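Let me give you the structure first, and then I'll get to my questions.
The values are calculated or read from the model by the stated rules, or taken from the named source; none is laboratory data. Keep in mind the model is a prediction, meaning the values are calculated, not measured. Reconstructed Cβ throughout: ideal geometry from the backbone, glycine too, with neighbour counts over all protein chains shown.
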Amino acid sequence: MQDRYNEIIEIIRKANYEYYTLDNPTLTDQEYDRYMQELLKIEKDHPELMRDDSPSVRVGGKIIDSFNKVNHEIPMLSLSNVFNEADIVAFDERVRKEFPNPIYVCELKIDGLSVSLKYEKGKLVRAATRGDGVTGEDITHNAITVKTIPLTLNENIDIEVRGEIYMSKKSFNKLNEFRKKTGQSLFANPRNAAAGSIRQLDSSIAAERDLDCIIYHLPNPLDYNIEYHFDSLEYMKNLGLNVNIKANRRVNGLHELLDFINEWTEKRDTLPYEIDGIVIKLDSIRGQQKLGYTAKYPKWATAYKFPAAKVLTKLKEIKLTVGRTGQVTPNAILEPVRLMGSVISKATLHNEDYIKLKDIREGDIVSIIKAGDVIPRVENVEVSRRVGTEVPFVMSKTCPICGSTLKKTDSAYYCVNDKCDKVKIESLIHYVSRDAMNIDGFGDAIVEDFYNMGYLKNIPDFYKLENYKEELMELEGFGAKSINGLIDSINESKNVSLERLLFALGIRHVGAKTGKILAKHFKSLDNLMKASNEELVNIKDIGKTIADSVYKYFRDEENISIINELKEIGINTNYLGKEEIQNENITGKTFVLTGSLEKLTRDEASLIIENNGGKVSSSVSKKTDVVVVGANAGSKLTKAKELGITIWTEQEFIDLVGDLDEK
Ligand code: IVH
């Protein structure tokens, strides 16, 4: 009986290893179950035969009173983080100083919690958490329920190995679904779920939770005559441990290293578990010794963290800003956080309804996401983290700049005081902006200063600045050269085509695209001003809201007087048809923009495409001709690659469209 018992344990051990670690099952489920039943029967009938490493322990049931402390003879260190290519280059340079021509091993950074496993004579004797790195907690009772932790190794050796305990995405979803159905609180992510499961006194909980373990570190490889980290991975794999040998890779030089990172940035969603980055380790153990350690980290390794698409931070204040249309928008002033490679300290809150719907309060811990990859917005409140001092939002009834009463239209509030300083400043800033009159040299601050000093009160004043040339040159920070430059750009703007002027005037609901439709249709400002409401509505792509707004704008006396003044100054008010440029790279093609562009805004890129007779679409399909990718592009890029669609970088796009000012 003893022999049969030992034989079954070996069969099940081998089957587990083949199934869980090699991903190559050799027994059918039925066969496996039959062996397991036979094993349980023998253990029931002959309890004296029961072995500590019997696979039956995996079902859990052991309850401990408290966690014993474990001292790590070799401290369990964490890793330093890097966030971008420049950081990686700097890491590589630091390594090269001590160890020229390094070979690195790149590994997936599994998002779980680290564990130390100690085997004596090939048997698992202890599993411990990292704790503070020096003292951890004994979690052996829970570790033995983890199917991918072998209870027995292929060799009867003494060894300590380290790795990560984690929960697969599938188990995590199953667990949360169950918790939702039974009214229990949900785990925020698989890492929290894994950590919550491993720190349980009753091991049947960990057994149910279906955890896994991947091994990535041998603390003392030289003791096993191993000189290279990658060899230690292979060694541990051969012992029967679950090592990510297929994904991990030796790389030679920065180029291969960055390839690995890019590859897994793209592929990470296809993994059955979550990874939060890539670990880069110097392969040579002698090299590792040469580089050494700081108090917290090895200097021979680092972790590249994927840009988070979502982060938590504190909302310090809700501040109202006034735009050129007078719209008063609430913004979140945040404790600065890093999100997708940049530091965010402000995010949009859209409007009062949005804040009320989500019950966002000053002082809340909130999650921030990048909407459409670019503009950060507050997504949710971490209600569980409220301390009671948070202040609910009350929308101001008055303009934060001029104090006049705000008017509510749909869900937005407007300052309707046409003398409101901020509204005026913002509309002047808009007038000179790139997609509007494109008057070079006017930063927002200069417009604001000139406004405050009385040189600029309304649009025609731009063209009168010439009269104050001498005075302006005397201003601090300005000289003859900059003022002459400004005046030249102002004069150049007199000749731009009508669509720009229409956009620049700031007629509500008339964006750059509508400006173009109107200019093309009416050919001159005079024709447009004479148009009836009906005529406007009948134009393709012009709806009632735009038509009403345009019609009203040209019936307002003050607007008419501004236009008359501009005409007197000699501003062109005709459609020049300049945007009918044919560009073989763009005309007739459909583009998708993805990732964050650096040199152009999305609106600018879209405008260039449209002005050159191309189309911009938001999703990638077979009909897409070109996908323009910025930094951190995600699923759209993957799809484009799958469909074999032409991919341009932002720089390629800029090069191929030619002179940007032609747009
Ligand atoms: S190596 C001295 N390799 O990431 C070596 N760590 O942020 C230390 N982690 O504490 C660890 N995957 O819990 C290493 N392939 C991997 C890893 C990995 C996940 C975790 C580990 C570590 C943390 C550092």
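Residue-by-condition table, conditions (1) of a type in the set (D, E, K, R); (2) in contact with a Ser or Thr (Cβ under 9 Å, 6 or more places away or on another chain); (3) within 12 Å of the ligand (Cβ to nearest atom):
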residue: Pro219; (1), (2), (3): no, yes, yes
residue: Leu222; (1), (2), (3): no, no, no
residue: Asp269; (1), (2), (3): yes, yes, no
residue: Leu282; (1), (2), (3): no, no, yes
residue: Thr294; (1), (2), (3): no, yes, yes
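So in region 49-85, with the set limited to residues that are small (Gly, Ala, Ser) and touching a Ser or Thr at 6+ places or on another chain (Cβ under 9 Å), which one is surrounded by the most Cβ atoms within 10 Å (Cβ to Cβ)?
Gly60
Restricting attention to region 634-663, and to residues there that are more than 14 Å from Thr265 (Cβ to Cβ) and assigned to a loop (DSSP other than H, G, I, E, B), which single residue is modelled with the lowest pLDDT?
Among those that are more than 14 Å from Thr265 (Cβ to Cβ) and assigned to a loop (DSSP other than H, G, I, E, B), it is Lys663.
Of the residues Val627, Val620, which single one is assigned to a strand (DSSP E or B), closer than 27 Å to Lys310 by Cβ and more than 19 Å from the chain's Cα centre (by Cα)?
Val627
When you go through (1) of a type in the set (Lys, Arg); (2) part of a helix (DSSP H, G or I); (3) within 33 Å of the chain's Cα centre (by Cα) one by one for Arg434, which number turns out not to apply?
Among (1) of a type in the set (Lys, Arg); (2) part of a helix (DSSP H, G or I); (3) within 33 Å of the chain's Cα centre (by Cα), the lone unmet condition for Arg434 is (2).
Here is a yes/no grid of residues against (1) assigned to a strand (DSSP E or B); (2) surrounded by fewer than 17 Cβ atoms within 10 Å (Cβ to Cβ); (3) at pLDDT below 95:
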residue	(1), (2), (3)
His255	no, yes, yes
Asn262	no, yes, yes
Gln289	no, yes, no
Thr302	yes, no, no
Ile318	yes, no, no
Thr321	yes, yes, yes
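Follow-up. Residues Lys118, Lys109, Lys97, Lys147: which one is charged (D, E, K, R), under 29 Å from Ala247 (Cα atoms) and part of a loop (DSSP other than H, G, I, E, B)?
Going through Lys118, Lys109, Lys97, Lys147 in turn, just one is charged (D, E, K, R), under 29 Å from Ala247 (Cα atoms) and part of a loop (DSSP other than H, G, I, E, B): Lys147.
Further, regarding this structure: Looking at (1) over 36 Å from the mean Cα position of the chain (by Cα); (2) away from the ligand (no atom under 16 Å from the Cβ), can you tell me which one Glu73 breaks?
Unmet for Glu73, out of (1) over 36 Å from the mean Cα position of the chain (by Cα); (2) away from the ligand (no atom under 16 Å from the Cβ): (2).
So which pairs qualify, if the first residue must be in region 501-520 and closer than 17 Å to Ile429 by Cβ, the second must be modelled with pLDDT under 95 and aliphatic (A, V, I, L, M), the Cβ gap must be under 6 Å, and the two must be at least 6 apart or on different chains?
Correct list of pairs: Phe503/Ala436; Phe503/Ala512; Ala504/Ala436; Ala504/Met437; Ala512/Leu607.
Also, quick follow-up: Look at region 151-198 and say how many of its residues are among the aromatic types (Phe, Trp, Tyr) and either within 16 Å of the ligand (Cβ to nearest atom) or over 28 Å from the mean Cα position of the chain (by Cα) (or both).
Total satisfying the criteria: 2.
Output the residues belonging to region 445-460 that are without any contact (Cβ under 8 Å) to a residue 60 or more places away in the chain and outside any loop (DSSP other than H, G, I, E, B).
Residues satisfying the conditions are Ala445, Ile446, Val447, Glu448, Asp449, Phe450, Tyr451, Asn452.
Here is a further query. Please find, within region 107-132, the residue that is farthest from the chain's Cα centre (by Cα) out of those that are within 9 Å of the ligand (Cβ to nearest atom) and either at pLDDT 95 or above or of a type outside the set (D, E, K, R) (or both). First the steps, then the outcome.
Residues of region 107-132 that are within 9 Å of the ligand (Cβ to nearest atom), as a first pass: 107-115, 130.
Among the residues that remain, those that are also either at pLDDT 95 or above or of a type outside the set (D, E, K, R) (or both) are: 107-110, 112-115.
Numbers: Glu107: 21, Leu108: 18, Lys109: 17, Ile110: 18, Gly112: 20, Leu113: 23, Ser114: 25, Val115: 28 Å.
It comes out as Val115.
Also, quick follow-up: Run Tyr463 past the list (1) surrounded by 15 or more Cβ atoms within 10 Å (Cβ to Cβ); (2) not in a helix (DSSP H, G or I) and report the number of the one that doesn't hold.
(2)
Collect the residues in region 151-196 that are polar (S, T, N, Q) and either assigned to a loop (DSSP other than H, G, I, E, B) or under 25 Å from Ile12 (Cα atoms) (or both), keeping them in residue-number order.
Answer for region 151-196, where residues must be polar (S, T, N, Q) and either assigned to a loop (DSSP other than H, G, I, E, B) or under 25 Å from Ile12 (Cα atoms) (or both): Thr152, Asn154, Asn156, Ser168, Ser171, Thr182, Gln184, Ser185, Asn189.
Exactly one of (1) more than 13 Å from the ligand (Cβ to nearest atom); (2) assigned to a loop (DSSP other than H, G, I, E, B); (3) surrounded by 16 or more Cβ atoms within 10 Å (Cβ to Cβ) is unmet by Lys246. Its number?
That leaves (3) as the condition not met.
Being more than 22 Å from Tyr414 (Cα to Cα), away from the ligand (no atom under 16 Å from the Cβ) and modelled with pLDDT of 90 or more is the requirement here; does Thr329 meet it?
For Thr329, the condition - more than 22 Å from Tyr414 (Cα to Cα), away from the ligand (no atom under 16 Å from the Cβ) and modelled with pLDDT of 90 or more - is not met.
Please verify whether Ile571 is farther than 30 Å from Tyr463 by Cβ, among the β-branched types (Val, Ile, Thr), surrounded by 19 or more Cβ atoms within 10 Å (Cβ to Cβ) and at pLDDT 85 or above, treating the condition exactly as stated.
no
Counting just the residues of region 335-346 that are touching a residue at least 24 places away in the same chain (Cβ under 8 Å) and out of contact with any Asp or Glu (no Cβ under 9 Å at 6 or more places or on another chain), which one comes out nearest to Leu505 (Cα to Cα)?
Lys346
When you check Val337 against the structure, is it under 18 Å from the mean Cα position of the chain (by Cα) and either modelled with pLDDT under 90 or of a type in the set (Val, Ile, Thr) (or both), yes or no? I'd like the intermediate steps shown before the answer.
Numbers: under 18 Å from the mean Cα position of the chain (by Cα): yes; either modelled with pLDDT under 90 or of a type in the set (Val, Ile, Thr) (or both): yes.
So Val337 fits the description; yes.
With respect to Ser56, determine if the residue is among the small types (Gly, Ala, Ser), under 30 Å from Ala631 (Cα atoms) and touching a helix residue (DSSP H, G or I) at 6+ places or on another chain (Cβ under 9 Å).
Taking the combined requirement at face value, the residue does not satisfy it.
Among the residues of region 591-633, what is the count of those that are modelled with pLDDT of 85 or more, under 24 Å from Ile375 (Cα atoms), of a type in the set (Ser, Thr, Tyr) and surrounded by fewer than 18 Cβ atoms within 10 Å (Cβ to Cβ)?
Of the residues in that region, 3 qualify.
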